[in-house]
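Just so it is clear, none of the values below were taken in a lab; they were calculated from the coordinates. Because the structure is predicted, anything quoted here is derived from the model rather than measured. All Cβ positions, glycine included, derive from the backbone under ideal geometry; neighbour counts span all protein chains shown.
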Amino acid sequence: MTDPDVRRAGAHPGFARGRRLRSTPAMRRWTAQTRLAPADLVLPVFVKEGIAEPQPISSMPGVVQHTQDSLRQAAHEAAEAGISGLMLFGIPADKDPVGSQADAADGVVNRALQHLRADLGDELVLMADLCLCEYTDHGHCGVVTPAGVVDNDPTLDRYAAVAIAQAQAGAHVIAPSGMMDGQVAAIRAGLDSAAYTETPILAYAAKYASGFYGPFREAAEGAPQFGDRSTYQMDPPNADEALREVAQDLAEGADAVMVKPALPYLDIVARVADAVDVPVAAYQVSGEYAMVEAAAANGWVDRQRAVLETLTAIRRAGAGSVLTYWAVEAARWLR
Ligand code: PBG
């Protein structure tokens, strides 16, 4: 046994006294390797066209589809709580095969961006989720061929147009989540051509075809009307592929990358965080939220403790920021 080992083991050589550093809350705070702060959190929000009052989402207790007004109020509260940003999703009144409302200047999300930018300036990072699934009548993330196949390359032109509309409306960050090949390059080219050279792209780079998106499809009203998303989103058994997707998105010009979902994919978060030197975000998705809420409602887990543990775990795995429906509440606890 070397000298330091003896010192640690004291009178009983053969074991170390790890409990010494866990003895009091102050001791644990001092030795905590991962810290969680309000600034690490981003709140996803839903804004719906044509409703007079916020609508509760039954599978996500505590989360609502906002009106333009209630969203403005929620954004002020988010800023007050000290979180870093919002990720905006829109639910239009009218859907069509190409998702026209996604890039209409008076489309629901673009109006919301205009309001929030006017209200808050640069106080919060306003991120626009860029996808077509909430806007298309068939519920797929891109345009589809007559045979019902999601058509990659024509979708890219739509994404570029949507990115320009969102930047024009006041988005600070464009966040493509559709998992089309080449989407980051197409969006970067579109933004640059419209002189939005300074608008960054947060790429949902490693986005899995997950069962944990279930409640979101109620929230965003974007469930596919036929088939599923497994021909474009990643297959859950794959890990190396996440690194290829991330590398590809960075090569195409992404400024930051995201892994999604978070908790069932902490290995992916860790590998991506090790592999890249850009900001890495993780999205704690609707099903992760619903799972803890349901267990807490039944008294099976301590809600606050479970929530903070999941957020800490995602940070510990290497994510710099976490998108979570608990962002504002958690930020208040952390203050
Ligand atoms: C749409 C999109 C989805 C989510 C974020 N953007 C759903 C999907 O891909 O089916 C899921 C978010 C959540 O579950 O909280 N492209």
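Site pair Gln168 and Glu80 shows an inter-label distance of 3.5 nm when each label is modelled 7 Å from Cα along Cα→Cβ. Ranking Leu323, Leu311, Pro236 by Cα position along the charge dipole of the range 197-335, where only Lys, Arg, Asp and Glu carry charges on their C-beta atoms, puts Leu311 farthest toward the positive end. Using C-alpha pairs below 8 Å separated by at least 6 residues, the relative contact order for the chain is 18 percent. Principal-axis analysis of the Cα atoms of the chain puts helix 152-169 at an angle of about 80° to the longest axis. Charge dipole of the chain (Cα centre as origin; +1 on each Lys and Arg Cβ, -1 on each Asp and Glu Cβ, all else neutral): 2060 debye, rounded to the nearest 20. In terms of packing, defined here as the mean over residues of other Cβ atoms within 10 angstrom, the peptides 110-118, 203-211, 241-249 line up highest first as 203-211, 110-118, 241-249. Which of the three applies to the range 284-323, rounded, prolate or oblate, going by the alpha-carbon gyration tensor with a ≥ b ≥ c and a/c under 1.5 meaning rounded? Oblate, since a/c reaches 1.5 and b/c is not below a/b. Which Cα, out of Leu120, Pro92, Gly178, lies furthest along the positive dipole direction of the chain (beta carbon charges, K/R +1, D/E -1)? The one lying farthest along the dipole's positive direction is Leu120. Between helix 68-81 and the chain there is an angle of about 20 degrees, using the helix long axis and the longest principal axis of the Cα atoms. Within the chain, all pairs of alpha-carbon atoms sorted by distance into 10 Å bins from zero give the percentages 6, 25, 34, 21, 7, 4, 3, 0.
Candidates Ala290, Ile57, Cys141 compared by Cα position along the dipole of the chain: farthest toward the positive end lies Ala290, with charges placed on Cβ. Going by Cα centres, the range 137-153 and the range 29-79 are how many Å apart? Here the two parts' Cα centres lie 30 Å apart. With respect to the chain, whose longest principal axis is taken over its alpha-carbon atoms, helix 183-193 is tilted by about 60°. Taking θ as phi - 60° and the Karplus parameters 6.51, -1.76 and 1.60, the scalar couplings of the range 108-118 work out to 4, 6, 5, 5, 4, 4, 4, 4, 5, 5, 5 Hz in sequence order, x denoting glycine and proline. Placing pseudo-labels 7 Å out from each Cα toward the beta carbon at Asp228 and Ala295 gives an inter-label distance of 2.3 nm. Sequence-distant contacts, meaning Cα pairs under 8 Å at least 6 residues apart, place the relative contact order of the range 245-335 at 31 percent. Note on Asp157 and Asp106: with the Förster distance fixed at 25 Å, the Cβ-Cβ geometry gives a FRET efficiency of about 0.75. Between Ala195 and Thr145, the distance separating the two model label sites (each 7 Å from Cα on the Cα→Cβ line) works out to 4.0 nm. Taking Cα centre as origin and charging only the Cβ of basic (Lys, Arg, +1) and acidic (Asp, Glu, -1) residues, the dipole magnitude of the range 123-168 rounds to 60 debye.
Remark: the range 89-209 is approximated by an ellipsoid whose semi-axes, taken from the C-alpha gyration tensor as √(5λ), come to 23, 16, 12 Å, largest first.
Applying 1/(1 + (r/R0)^6) with r as the Cβ-Cβ distance of Glu123 and Arg17 and R0 = 56 angstrom yields a FRET efficiency of 0.75. When peptides 320-330, 73-83, 145-155 are sorted by average Cβ neighbour count within 10 Å, with the highest value leading, the order is 320-330, 73-83, 145-155. Note on the range 33-145: with charges restricted to the Cβ of Lys and Arg (+1) and Asp and Glu (-1), its dipole about the Cα centre is near 220 debye.
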